[in-house]
Amino acid sequence: MATLVSGEITTVSPDGQILHVEKMPEVMPTNICFGGADRRTAYITLSTTGKLVSMPWHEAGLVLNHETA
């Protein structure tokens with residue numbers, strides 16, 4: 001999830017534990033989604049500058065309901 005003001009993307013487990021925190025280059029990341037053949041490329045919106053950045057991610061993103069694995 002995007003963590004506003006602290007400028008981080010935070011991975012949270014289903015039971016609410018923080019698993020991973022990734023610092024972003026500005027304080028207002030607003031969204032994250034995953035792509036690439038293995039869903040290990042993160043695409044992150046940065047609202048202060050209006051940029052979309054991509055970066056390798058440490059784990060694969062989930063398959064969306066309308067996608068096939």
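Side notes on the structure shown:
- Scope region 16-56; condition farther than 25 Å from E67 by Cα and among the charged types (D, E, K, R); matching residues: E22, K23, E26, K51
- Residue in region 37-49 that is in contact with a Phe, Trp or Tyr (Cβ under 6 Å, 6 or more places away or on another chain), surrounded by 11 or more Cβ atoms within 10 Å (Cβ to Cβ) and farther than 18 Å from V12 by Cα present: no
- Qualifying residue in region 1-8 (condition: part of a strand (DSSP E or B) and of a type in the set (S, T, N, Q)): yes
None of the figures in this text is laboratory data; all of them are computed from the coordinates on show. Everything numeric in this text was worked out from a predicted model, so none of it was measured. Every residue, glycine as well, gets a Cβ built from its backbone with ideal geometry; the counts of neighbours run over all protein chains shown.
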